[in-house]
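Readers should treat all values here as calculations from the given coordinates under stated rules, not as data from a laboratory. Treat the numbers as computed from the prediction; the structure is a model and nothing was measured. Here the Cβ positions follow ideal geometry from the backbone for every residue, glycine too, while neighbour counts run over all protein chains shown.
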Amino acid sequence: MLINIPDKSRFGILINGLIDENKETGRILTYSGVGPRLTPTPILVKMSYIAKRLEHQLFILYTGGADGADTAFLAGTQFFKVFLPSRIHGVRTANRQDVFDCTTLDNWSEALLTIDKYHPAPQCLGPFARKLMARNSYCVLGEDLQSPVDFVLTWTPNCALVGGTAQGLRIAMDYNIPIFNLADERVLADVLRVLKLNLFD
């Protein structure tokens, strides 16, 4: 097994448990890899390597496909689902296989309801910003909005709830989904150690 560390780290315990569950039941394992466009380059590099390691353990990435953190996670894996706020967003085009235009999904109206539930100032959002916020719900809850990811990996400045990333994190917290914020040096070191990426220490 790739993941095998002696200490009782939170990330290690979670990952090992999920891998064992997958072996016993075959349940698909998922995680959300999200973060700001302005995530620091050294963290972006680590995100790509982390995604590659998780791919080896058959984890599927859920992300929004934006520049920065989302793209860095995508660069490391071929197992993913990308959720876009429109048919074309940035360099990506929805293909209805693993890149989704969320606005065409049958439950888009449900995703829109998450804006008022989780955003601290929904009245300040313009039409496209509302689409972005609603899209974030899929990155955490899957295309049916009923299949929460197993955990969230992110980076936010000082681990704060800021920007569009915060919307997904608020949803994850409400669903008690574990969040590992790589802006915390202890969390980052733990994730790298568990995934045997100590070359970054």
Where trypsin sites (Lys or Arg not before Pro) fall in DSSP loop in the stretch 111-201, at most 12 other Cβ within 10 Å: 196
Where the only charges are on Cβ atoms (+1 Lys, Arg; -1 Asp, Glu), what is the dipole of the chain about its Cα centre, to the nearest 20 debye? 340 debye
Which entry in (1) 16.1, 50; (2) 15.6, 46; (3) 16.9, 51 matches Rg and Dmax of the Cα atoms in Å derived from the coordinates of this structure? (1)
Stretch gain in nm, segment residue 95-residue 121, where the contour uses 0.36 nm per residue and the Cα spacing is subtracted: 6.1 nm
Going toward the positive end of the dipole of the chain, with +1 on Lys and Arg Cβ and -1 on Asp and Glu Cβ, which of 71, 191, 169 do you reach last? 71
Pseudo-spin-label distance residue 41 to residue 184, built 7 Å along Cα→Cβ, given in nm, is 2.8 nm
Cross-link pairs beyond the 32 Å C-alpha cut-off, checked among 81/196; 23/131; 131/196: 23/131; 131/196
Set Lys and Arg Cβ to +1 and Asp and Glu Cβ to -1, take the dipole of the chain about its Cα centre, and tell me which of 19, 56, 29 lies farthest positive. 56
Filter the DSSP H helices in the chain by two things, a Kyte-Doolittle mean of at least 0.0 and an axial alpha-carbon span of 20 angstrom or more, and list the hits by number. 41-56, 127-141
